[in-house]
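To keep things clear, I will list the structure first and then write my remarks on it.
The values are calculated or read from the model by the stated rules, or taken from the named source; none is laboratory data. These figures come from a predicted structure and were not determined experimentally. A quick note on method: Cβ atoms are made from the backbone with ideal geometry, for glycine too, and the neighbour counts reach across all protein chains shown. Heavy atoms of the whole protein, side chains included, go into the accessibility calculation; ligands, DNA and RNA do not. Shrake-Rupley method; radii C 1.70, N 1.55, O 1.52, S 1.80 Å.
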Amino acid sequence: MPDYLITIAEAVQNGDDKLVGQTVDEALGAGIAPKDILNQGLIPGIQALGQLFKDGQAYLPEMLVSVRAMKSGVDKLNPLFASKDILKKGTVVLGTVAGDLHDIGKNLVKMMLECNGYEVHDLGRDVSADTFASATRDITPDIVGISALLSTTMTYIPEVVRTLEEAGIRSKVKVLLGGAPITRQFADELGIEGYADDCASAVDEADRLMKLAG
Ligand code: B1M
């Protein structure tokens with residue numbers, strides 16, 4: 001891996017957004033292709049940090065600054081791609097369920113998905129089943145991502161699924177669940193394909209769901 005790309009990966013992992021921006025500029029100036037900067041610099045950097053996070057060796061503050069550092073590089077590259085679709089792996093409609101005002105985790109999931117090639121339509125927090133359904137009908141995403149942080153609001157998730165079914169659009173999407181009280185078992189019991197317990201795993205799980213969808 002050329003020096004520039006190693007520096008970019010390490011700077012993302014260390015959350016150094018200034019160094020990321022500066023080195024991305026230098027790499028572009030040296031003629032390195034934007035897709036190589038993305039695939040061999042920025043993404044390995046965030047993946048390395050994501051692995052540390054999953055292993056319990058990095059924590060939320062590090063994750064937040066690294067995601068921001070990654071974004072500062074991605075923002076420089078995006079205009080250089082002839083089509084944004086080169087970066088795009090899939091489309092996600094994302095929100096925190098009705099009655100629930102917690103959105104810090106959902107926002108992290110959004111940033112991680114965006115940094116990893118997903119177009120995310122963020123419906124915000126306190127999102128009703130009808131709003132999930134109408135956004136799904138209008139946007140036709142590949143994945144509907146639902147976050148819930150309260151044991152009282154996770155019980156609303158079946159209502160979201162039922163509303164998607166009644167609207168005839170449940171079979172056209174994969175559903176991804178997350179949030180502190182949610183478990184894989186809960187998702188399985190509702191016949192929901194996707195579950196992730198943190199924002200790094202959410203990207204892996206979205207990638208898996210995209211493969212499932214064919
Ligand atoms: Co509240 N809150 N809160 N709170 N709050 C908790 C969740 C609680 C565990 C605190 C406690 O009692 N120990 C408790 C819930 C208990 C329960 O239901 N079992 C609780 C409570 C009770 C409440 C209120 C009811 C308090 C009250 O008013 N009496 C109230 C409810 C308001 C409402 O929602 N209607 C309330 C309010 C609030 C604030 C508004 C003050 C604030 C939220 C601010 C905001 O989000 N904008 C808040 C906060 C900050 C917390 C704690 C302290 C932190 C939550 C957080 O942001 N964690 C929390 C206690 C705790 O967790 N230690 C607590 C960091 C965040 C990055 O993690 O959200 O888990 P998390 O997201 C992770 C994963 O879960 C996963 O990835 C993220 C990143 O790795 N993930 C997904 C999340 N969504 C995902 C979606 C995916 C995939 C993965 O795919 C779609």
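The table that follows gives values for the structure above.
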| item | result |
| --- | --- |
| Spatially proximal lysines relative to Lys89 (Cα-Cα < 17 Å; intrachain offsets below 8 disregarded) | Lys35, Lys71, Lys110, Lys172, Lys174, Lys211 |
| Ranking by accessible area, most exposed first, for Ser151, Ser134, Ser171, Ser66 with a 1.4 Å probe | Ser171, Ser151, Ser134, Ser66 |
| Potential lengthening between Glu26 and Gln185 on full extension [0.36 nm per residue; Cα-Cα distance subtracted] | 52.5 nm |
| Evaluated over the chain, the Cα radius of gyration and Dmax, each in Å | 17.8, 55 |
| For the stretch 145-214 and the stretch 83-135, distance of Cα centres in Å | 12 Å |
| Residues of the chain: accessible area per residue with a 1.4 Å probe, Å² | 47 Å² |
| Most mobile of Lys110, Lys18, Lys174 in a GNM of the chain (Cα contacts under 10 Å) | Lys18 |
| Residue among Leu108, Leu38, Leu80 with the largest mean-square fluctuation in a Gaussian network model of the chain, springs linking Cα atoms under 10 Å | Leu80 |
| Expected 222 nm ellipticity per residue - DSSP helices of 4 or more, -39500 (n - 2.57), all of the chain, to 500 | -16000 deg cm²/dmol |
| Segment Asp130-Arg208, extension gain: residue separation times 0.36 nm, minus the distance between their alpha carbons | 25.4 nm |
| Dipole magnitude (debye, nearest 20) for the stretch 55-128, charges at Cβ of Lys, Arg, Asp, Glu | 240 debye |
| Rounded accessible area of Glu165 (nearest 10 Å², 1.4 Å probe) | 110 Å² |
| Rounded percent of accessible protein surface that carbon and sulfur make up, the chain, 1.4 Å probe | 51 percent |
| Area accessible to solvent at Met112, 1.4 Å probe radius, in Å² | 10 Å² |
| For the stretch 6-110, the spread of Cα positions along each principal axis, largest first, Å | 51, 33, 20 |
